[in-house]
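Undergrad: I have a structure here, written as structure tokens, and I will follow up with some questions on it.
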Amino acid sequence: MNSTETLKQNLAGTILLPGNPGYDEARSIWNGMIDRRPAIIVRCRTEADVARAVEYARDNHLLVSIRGGGHNIAGHAVCDGGLMIDLSTMKEVRVDASASRVRVQPGATLFDVDRATQAHGLATPTGINSTTGIAGLALGGGFGWLSRKVGLTSDNLVSARMVTAEAECIQASATSHPDLYWALRGGGGNFGVVTEFEFALHPIGPEVFSGLVVFPRSEAATVLRKYRNFAAAAPDELSVWVLMRQAPPLPFLPREVHGENVLVLALCYLGSEESGRKLIAPLADFGKVLGQHVGMQPFTAWQQAFDPLLTPGARNYWKSHNFRELKDGLLDTLVELAGQLPSPQCEIFIGQLGGQVARLAADATAFGNRDATFVMNVHGRWNSPAEDKADIAWAREVYRRTLPFATGGAYSNFLTAEETERVKSAFGANYARLAKVKASYDPGNFFRMNQNILPEGTYTTGQGKSSNLASEIAERNVR
């Protein structure tokens, strides 16, 4: 059994034990509902550190979690009583503009990636909150403002370096471990610890035509029906998302609107301002416009526009559905329930997909639910534990009432830890193939703090040793 001291001596990074300075900060993640205490945190600086952490955990029969950006709703980045592999200090981003490629370490956030790539007028598609970690986003699929034009984050993955459950360092690409490469593009963190991603880049920006158009909730039913028709005819260069919530104190909104229930159309167009204004002109006729702020702005700024609504530390509970179409019954249900927000931070958003995302075959990558034209995410979000019951109940009610209109598929990055029964839905017909890849690279299900895919031929996740690890490691460290 390897000692903690031996591990410490062989790391370029550091380890943190309960009671050490920085331990509580390191185990804290974006979702404030997650409060877990690893027995040991290994803050890696190199790929070799990751391999040593995996080897130590395997030799000591420790449950392992992997922290990249720590943004995942389910809180899989942190485990109780096991070993957390903390990649948050591995944030290097290297752009090869001539080859339209970027290499990214797993601790980088979307902000880190956008800042580096936009310096060259290039981008890879990511999400809409700049504090999100690139690793979890990419492994689960990843969609945002660029996806209708250039696909998912995972679709743009060219290669990945990875540490396996046997602590081996390998490279996955179309020509090296192609089965693993297929699985990494949407299959989550089931197969190992990715230590470097290589993504394709596309000419984007550095400014995009983007912004918000705000309507009162009283006109939401009409606006949504007009939006549905508008979205069906939109070119790939345009994405328009729907947000229903209480109006934040945006400077372009009248003061009396602040805190009122509103419907927001958030848009991004990858073209000129002139063509963008012509394209979105019909939006002004959808209903009474309370305020709008639309124009050319740096893509990096637009990527941070929603950050103030998604700051870390709040309590978060999500429920989500995929839809092929927005039927009248669905829209009426959403309008009704958006009028029953239990907290000022709660919201319902609908992201528009289609375009390039839908053009790939369902089995081209592990991300199989390409029939979703729209993805709804119900953001239950609040600050006090006293609000847990009401806010969770509201999110579940939205999920239940909208279920009849859904495809039955799911987006794995939106699943909470309790939704294990939806994991197969998230991978659809690709699940059986993923289980085979899992059996090849992680037959013992060593990496199971994720939306877990069981190795082919197994029926349980197995038991990880974790209950008394904190005291055991503390004792070893003293000795």
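Undergrad: Pick out the one residue from P251, P282 that is touching a strand residue (DSSP E or B) at 6+ places or on another chain (Cβ under 9 Å) and not assigned by TED's automatic domain parsing to the domain that holds V102.
TA: Answer to the check: P251.
Undergrad: Then there is this: Going residue by residue through the stretch 343-354, is there one that turns out to be crowded, with 20+ Cβ neighbours inside 10 Å and at positive phi?
TA: Yes, the conditions are met somewhere in the stretch 343-354.
Undergrad: Among residues belonging to the stretch 430-445 that are crowded, with 22+ Cβ neighbours inside 10 Å and not basic (K, R), point out the one that is farthest from D363 (Cα to Cα).
TA: This residue is Y441.
Undergrad: Can you pull out the residues in the stretch 420-455 that are aliphatic (A, V, I, L, M) and over 18 Å from G140 (Cα atoms)?
TA: A439
Undergrad: With (1) in a strand (DSSP E or B); (2) touching a residue at least 60 places away in the same chain (Cβ under 8 Å); (3) buried (at least 23 other Cβ atoms within 10 Å of the Cβ) as the list, and E196 as the residue in question, which single condition is left unmet?
TA: (3)
Undergrad: Do any residues in the stretch 212-230 that are farther than 20 Å from G259 by Cβ have Cβ atoms under 6 Å from those of residues that are buried (at least 16 other Cβ atoms within 10 Å of the Cβ) and of a type in the set (F, W, Y), where the two are at least six apart or on different chains, and which pairs are they?
TA: What qualifies is K226/F286.
Undergrad: Restricting attention to the stretch 379-433, report how many residues are hydroxyl-bearing (S, T, Y), in a helix (DSSP H, G or I) and under 16 Å from the mean Cα position of the chain (by Cα).
TA: Counting residues in the stretch 379-433 that are hydroxyl-bearing (S, T, Y), in a helix (DSSP H, G or I) and under 16 Å from the mean Cα position of the chain (by Cα) gives 1.
Undergrad: Going by the conditions given, is V294 of a type outside the set (D, E, K, R), part of a strand (DSSP E or B) and not assigned by TED's automatic domain parsing to the domain that holds P125?
TA: Criteria met by V294.
Undergrad: Can you pull out every residue in the stretch 168-187 that is in contact (Cβ under 8 Å) with a residue 24 or more places away in the chain, under 16 Å from P443 (Cβ atoms) and crowded, with 19+ Cβ neighbours inside 10 Å?
TA: L180, A183, G187 - these are the residues of the stretch 168-187 that are in contact (Cβ under 8 Å) with a residue 24 or more places away in the chain, under 16 Å from P443 (Cβ atoms) and crowded, with 19+ Cβ neighbours inside 10 Å.
Undergrad: Return the residue satisfying two criteria in turn: it lies in the stretch 267-279 and is buried (at least 21 other Cβ atoms within 10 Å of the Cβ) and touching a helix residue (DSSP H, G or I) at 6+ places or on another chain (Cβ under 9 Å), and of such residues it is nearest to K226 (Cα to Cα).
TA: Result: L267.
Undergrad: If we keep just the residues of the stretch 1-23 that are in contact with a strand residue (DSSP E or B) (Cβ under 9 Å, 6 or more places away or on another chain) and in a helix (DSSP H, G or I), which is farthest from L62 (Cα to Cα)?
TA: Applying the filter and picking the extreme gives Y23.
Undergrad: Within the stretch 167-217, which residues are over 30 Å from G75 (Cα atoms) and either of a type in the set (G, A, S) or out of contact with any strand residue (DSSP E or B) (no Cβ under 7 Å at 6 or more places or on another chain) (or both)?
TA: Answer for the stretch 167-217, where residues must be over 30 Å from G75 (Cα atoms) and either of a type in the set (G, A, S) or out of contact with any strand residue (DSSP E or B) (no Cβ under 7 Å at 6 or more places or on another chain) (or both): A174, T175, S176, G205, S210, G211.
Undergrad: So which residues in the stretch 393-419 are of a type in the set (G, A, S), farther than 15 Å from L337 by Cα and crowded, with 18+ Cβ neighbours inside 10 Å, if there are any at all?
TA: Once the filter is applied, which keeps residues that are of a type in the set (G, A, S), farther than 15 Å from L337 by Cα and crowded, with 18+ Cβ neighbours inside 10 Å, the stretch 393-419 yields A406, G409, A410, S412.
Undergrad: Scan the stretch 236-254 and report the pairs whose first residue is over 17 Å from I128 (Cβ atoms) and whose second residue is in a strand (DSSP E or B) and of a type in the set (D, E, K, R), with Cβ atoms within less than 9 Å and a gap of 6+ or a chain change.
TA: Every condition considered, the pairs that remain are Q246/E347.
Undergrad: Now for a different question. Which residues, taken from the stretch 262-275, are part of a strand (DSSP E or B) and farther than 16 Å from F306 by Cβ?
TA: Y269
Undergrad: Right, something else. Within the stretch 72-99, how many residues turn out to be touching a strand residue (DSSP E or B) at 6+ places or on another chain (Cβ under 6 Å) and more than 27 Å from K8 (Cα to Cα)?
TA: 3
Undergrad: Restricting the search to the stretch 90-107, which residues are crowded, with 21+ Cβ neighbours inside 10 Å and in a strand (DSSP E or B)?
TA: Within the stretch 90-107, V102, V104 meet the criteria.
Undergrad: For the stretch 90-132, name all the residues that are more than 19 Å from the chain's Cα centre (by Cα) and closer than 30 Å to P18 by Cβ.
TA: Correct list: E92 only.
Undergrad: Then there is this: Just give me the residues in the stretch 343-359 being touching a helix residue (DSSP H, G or I) at 6+ places or on another chain (Cβ under 6 Å) and among the hydrophobic types (A, V, I, L, M, F, W, C), in sequence order.
TA: Within the stretch 343-359, I348, V357 qualify.
Undergrad: In the list G287, G259, which residue meets the criterion of being in contact with a strand residue (DSSP E or B) (Cβ under 8 Å, 6 or more places away or on another chain), surrounded by 15 or more Cβ atoms within 10 Å (Cβ to Cβ) and in a loop (DSSP other than H, G, I, E, B)?
TA: From the options G287, G259, the qualifying one is G287.
Undergrad: Going through the stretch 441-453 one residue at a time, which ones are in contact with a Phe, Trp or Tyr (Cβ under 9 Å, 6 or more places away or on another chain) and not aromatic (F, W, Y)?
TA: D442, Q451, I453
Undergrad: Somewhere in the stretch 153-161, is a residue in contact with a His (Cβ under 7 Å, 6 or more places away or on another chain), under 18 Å from G351 (Cβ atoms) and either modelled with pLDDT of 95 or more or not assigned by TED's automatic domain parsing to the domain that holds F374 (or both)?
TA: Looking for residues that are in contact with a His (Cβ under 7 Å, 6 or more places away or on another chain), under 18 Å from G351 (Cβ atoms) and either modelled with pLDDT of 95 or more or not assigned by TED's automatic domain parsing to the domain that holds F374 (or both), one finds none in the stretch 153-161, hence no.
Undergrad: Can you say whether D112 is of a type in the set (D, E), out of contact with any Leu (no Cβ under 6 Å at 6 or more places or on another chain), more than 26 Å from D236 (Cβ to Cβ) and crowded, with 24+ Cβ neighbours inside 10 Å, as far as the supplied structure shows?
TA: no
Undergrad: How many of the residues making up the stretch 336-364 are assigned to a helix (DSSP H, G or I) and of a type in the set (V, I, T)?
TA: 1
The values are calculated or read from the model by the stated rules, or taken from the named source; none is laboratory data. Quick caveat, the model's predicted, so the values are computed rather than measured. Backbone-built Cβ (ideal geometry, glycine too); neighbour counts: all protein chains shown.
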